[in-house]
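Have a look at the structure below before the remarks.
Values in this text are rule-based calculations from the coordinates and carry no lab data. All values derive from a computational prediction rather than experimental measurement. Cβ placement follows ideal geometry from the backbone for every residue including glycine, while neighbour counts extend to all protein chains displayed.
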Amino acid sequence: MIGLALLLGCSPPERPGGAIAPLPIAPIAPAAAPTMPRPGPPEPGYDPIAVNAACIDCHRAIGEENAASFHGQAHVDPIYQTALAIEPLPFCRACHAPEADPRQPVSAALGALGVTCTSCHWSQGRVLAGLASAGRAADPHRGLVAAPVVRIEAFAGPSACAGCHEFHFPDGRARARPELMQSTISEHRQSPFAEVGCGSCHMPTVKTVAGGHRSHAFASSRDPRTLRATLDVKAERTSAGVRLQITPAAIGHAMPTGDLFRRLRIEVEQIGPDMNVVAVKRRFLARHFESRPTITSLRRTVVRDDRPGGADVGHETQVIEFAFPDLAPGHFFGWRIELERVLHPAPGGDEKAVVAHRQVIGEGKL
């Protein structure tokens, strides 16, 4: 097997004089333009476990960042595994375990890689990278992988992310027209930040002793400060209750984007003078679906998209009113907006959905 010494924990082969010899890679005729990252199965001609081990051997800090990220945990993430058990589709495994054959059960070793170095940087026997400086097109690669580095402008833009972050429902042939299951790239194209690359927000520069590198922690959706900056929320008390004005701020797509079940939960509580909760009102901003059973599955069709930055709202201010009929003296209100990762919808509507994780985006009192 290619790179067997690395897999067994042995020292890599050495050249005369003690220099490290590169891992052999089966020759692949390069295309005129490199293929952008895409879902699995991986290209033939190399061992992803060995090549990734070689990448991390030289880029250890980046490898550690990615291993702990949602990318690195894409296949082993408990929420994903629970969802996969409900809908065990090769379509899902292709993005969450791109180094494995999605038509087969994913081995523990390949599943542990998740979305890793080769998933994004490997293309037809070459290592893809963004432009380091004007006019710089390619570098020699002195690491353990005997493959040239190809620097192209497109790799720093949305096309490098599109393969796994925008795609149609897998039952497209049975639909009257195709419909996007995830639409992040289209949302970005319609946003005020269409000219800003995804990495500008999701891969900020990390300063190191050696200079710095783009972060591979992809922490945006788990970082409270980043999440709070995505929306500009103005709350005011009215004669009827509470008015919220929600405007997309520092975000280049809808909020939330990605998985079709993610949503914003807006909750307003009416609180009495003795701190008892008198009444609660909620609203969910999401892609709302109509579900129709078919012979083999459940077909979901978007009927409304009221996410900030979503198809029906755009990046304009969205005004949401909550009316409370009994406004007694001494009552006040508490409001909160949370990002929810819904495990799976349930019969009975939005309130019955099983929520796997919540993150507060904004809150206050009136």
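For the chain, the antiparallel share of DSSP beta bridges with both residues in that region comes to about 95%. Using only alpha carbons, region 147-260 has a radius of gyration to Kirkwood radius ratio (Rg to Rh) of 1.08. Comparing region 191-332 with the 2.2 N^0.38 Å rule of thumb, its C-alpha radius of gyration ratio is 1.36 (two decimals). Only the Cβ atoms of Lys and Arg (+1) and of Asp and Glu (-1) were treated as charged; on that basis the dipole of region 223-365 about its Cα centre amounts to roughly 360 debye. Number of Lys-Lys pairs in the chain with C-alpha atoms under 29 Å apart and a separation of 8 or more places or on different chains: 6. Ellipticity at 222 nm from helices only: DSSP H runs of n ≥ 4 in the chain, each -39500 (n - 2.57), divided by the residue count, give -5000 deg cm²/dmol. In a reduced charge model with +1 at each Lys and Arg Cβ and -1 at each Asp and Glu Cβ, region 31-118 shows a dipole moment near 160 debye about its Cα centre. Label positions at Ala108 and Ile79, each projected 7 Å from the Cα along the C-beta direction, are separated by 2.6 nm. In region 301-366 the Cα-Cα distances spread across 5 Å bins starting at 0 as 3, 11, 13, 20, 22, 17, 8, 3, 1, 0 percent of all pairs. Within the chain, all pairs of alpha-carbon atoms sorted by distance into 20 Å bins from zero give the percentages 25, 51, 21, 4, 0. Using Cβ point charges alone (K and R +1, D and E -1), the dipole size of the chain about the Cα centre works out to roughly 220 debye.
Per the Debye formula on identical point scatterers at the alpha carbon atoms of region 49-128, with no solvent, log10 I(q)/I(0) at q = 0.17 Å⁻¹ is -0.65. Entry for region 236-285 at q = 0.21, 0.26 Å⁻¹: log10 I(q)/I(0) = -0.89, -1.08, Debye formula applied to identical alpha-carbon scatterers, no solvent contribution.
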